[in-house]
Amino acid sequence: MKAQDIFSKLKIDYSKRFAVAVCIGPVPNDPELRKMSYEEKVTAELALFDLLSKLFQNKKRGKEIDRNAGYVRFMCSFPLEHREDYADALIKPLIRQAEEKAGRSLLTGIGIPAANQLHLKESLATSKEAFEFFFFSQETFFEYQKSRKRFETSFEDYESYSEKAFRSILMKSPDAIQEIDRCLELIERIHYGNKNAVIMRAMNFTGETAYKLHRYNLLAGDFYQIQDALQEKVLSAKTFTEVKDAIHKYYESILSDIYSNSPNSKRTIVEQTKTYIKDNYMEDLTVKDLAAIACVTPGYFSRIFKEETGKTCKAYLTDVRLDAAMDLLLGSDFRLYEISEQIGYNNVRNFEEAFRKKYGRFPGDYKKRMMKKVTPQHNNL
């Protein structure tokens with residue numbers, strides 16, 4: 001029977017009572033459940049749900065709405081005088097009784113109280129959300145209306161810290177693991193309460209980092225196999241604490257390999273630096289920064305870069321920026337100051353002068369000349 005059909009049969013007198021949905025199931029990280037086979041878990045859940053259904057019915061607390069893998073939901077109604085204490089006075093004692101009979105701890109999520117039939121669907125949905133807050137809080141009794149987003153963190157903060165974490169790995173910093181843990185904390189803050197979002201962003205963080213390390217030839221083994229193994233652990237995690245532990249151990253393992261490798265050859269250092277420049281040319285990069293990432297002194301770095309490429313690091317960076325500028329100049333309608341900003345120049349005049357030195361004309365004149373060449377010429381008849 002559909003939930004809406006059940007709602008219509010509840011016959012609650014909202015002038016005297018209110019309704020609230022309750023979602024109940026076994027605690028996900030119960031060690032006893034983890035020992036069971038799939039068939040044993042299903043049998044145990046069915047027995048538990050039957051027990052709960054009888055208790056709610058016998059105590060006249062509410063009616064079962066639906067059952068799913070891992071939880072059962074009830075729609076309860078209580079007198080208005082219990083509007084403030086219904087959870088502690090009327091629901092918790094019933095849950096404790098069920099726990100005693102079942103011989104295991106239960107996880108309970110309570111939805112938003114409904115003052116009329118129109119709000120029943122919202123109460124049902126929020127009871128499931130409250131149930132899933134265990135992933136973040138590890139609280140086994142959670143009321144949705146008491147939940148609040150506990151942190152305010154911007155995506156800019158996260159992006160800044162994730163870049164800092166990656167640089168700390170390249171620099172073989174002893175604080176790299178702490179920087180990674182910090183990124184995971186920010187992910188939790190941004191998506192607190194949304195299990196799927198926090199898992200997706202955590203996997204995106206590890207995937208992007210692994211891809212960059214792979215490009216710099218720092219990640220040993222099969223890149224996809226390594227990421228798939230981590231993803232399997234993250235997706236099976238019952239709490240975000242387990243997610244963080246899995247990712248922490250993953251980085252401890254790969255950083256141990258990266259940090260224990262013998263010093264890179266000149267060619268490897270330069271190739272890694274060239275890749276880094278191509279990925280980050282829009283940033284304010286200095287020889288000192290790039291040398292630190294390569295874990296060598298600025299003087300040594302400048303010398304081997306010139307030996308391997310025939311150019312100074314600054315000249316190479318300028319070429320990469322101007323190549324990007326050319327693409328933007330001919331392939332977009334961005335203004336010159338916008339192009340200048342996007343390729344890492346803070347001063348548009350410096351950009352125009354650098355462009356003129358390489359291509360013989362200022363960017364505005366160069367674009368006009370190129371547009372004139374590709375414009376069809378019509379002969380007068």
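For the structure I just gave you, tell me whether residue 162 is free of Cβ contacts under 8 Å to residues at least 40 places away in the same chain and either polar (S, T, N, Q) or within 26 Å of residue 31 (Cβ to Cβ) (or both).
No; evaluated as a whole, the condition is false for this residue.
Would you check which residues across the range 276-286 are surrounded by fewer than 17 Cβ atoms within 10 Å (Cβ to Cβ), part of a helix (DSSP H, G or I) and out of contact with any helix residue (DSSP H, G or I) (no Cβ under 7 Å at 6 or more places or on another chain) and list them?
Hit for the range 276-286 is 279, nothing else.
Select from the range 301-325 the residues that are within 19 Å of residue 360 (Cβ to Cβ) and of a type in the set (Gly, Ala, Ser) and write down the one among them that is surrounded by the fewest Cβ atoms within 10 Å (Cβ to Cβ).
The selected residue is 315.
Identify all residues within the range 106-148 that are of a type outside the set (D, E, K, R) and more than 29 Å from residue 187 (Cα to Cα); write none if there are none.
113, 114, 115, 116, 117, 118, 119, 120
Condition first: touching a Gly at 6+ places or on another chain (Cβ under 6 Å) and part of a helix (DSSP H, G or I). Can you find one or more residues in the range 142-157 that meet it?
yes
Evaluate the following for residue 273: is it in a helix (DSSP H, G or I), within 24 Å of residue 301 (Cβ to Cβ), touching a Cys at 6+ places or on another chain (Cβ under 9 Å) and polar (S, T, N, Q)?
Here the answer is yes, as residue 273 does meet what is asked.
Do we have residue 101 as surrounded by fewer than 16 Cβ atoms within 10 Å (Cβ to Cβ) and either at positive phi or in a strand (DSSP E or B) (or both) here?
Judged against the criteria, residue 101 is not a match.
Given the structure, is residue 318 out of contact with any His (no Cβ under 6 Å at 6 or more places or on another chain), part of a helix (DSSP H, G or I) and within 21 Å of residue 173 (Cα to Cα)?
No, not satisfied.
With the checklist (1) within 20 Å of residue 96 (Cβ to Cβ); (2) surrounded by 20 or more Cβ atoms within 10 Å (Cβ to Cβ) in hand, flag the one item residue 27 doesn't pass.
(2)
Just give me the residues in the range 341-358 being assigned to a helix (DSSP H, G or I) and without any contact (Cβ under 8 Å) to a residue 12 or more places away in the chain, in sequence order.
If the condition is that a residue be assigned to a helix (DSSP H, G or I) and without any contact (Cβ under 8 Å) to a residue 12 or more places away in the chain, then 341, 349, 350, 353, 356, 357 are the ones that fit.
Name the residue, out of 181, 222, that is more than 27 Å from residue 20 (Cβ to Cβ) and modelled with pLDDT under 90.
Unique residue meeting the criteria: 222.
Looking only at helices (runs of 4 or more DSSP H) that lie completely in the range 1-94, which have at least 1 residues being farther than 19 Å from residue 115 by Cβ, in contact with an Asp or Glu (Cβ under 9 Å, 6 or more places away or on another chain) and hydroxyl-bearing (Ser, Thr, Tyr)?
38-58
Could you tell me whether any residue of the range 142-165 is aromatic (Phe, Trp, Tyr) and under 30 Å from residue 67 (Cα atoms)?
Within the range 142-165, one or more residues are aromatic (Phe, Trp, Tyr) and under 30 Å from residue 67 (Cα atoms).
The values are calculated or read from the model by the stated rules, or taken from the named source; none is laboratory data. Fair warning: this is a prediction, and the values are worked out from it, not measured in the lab. Neighbour counts are summed over all protein chains in view; Cβ atoms, including those assigned to glycine, are modelled from backbone coordinates with ideal geometry.
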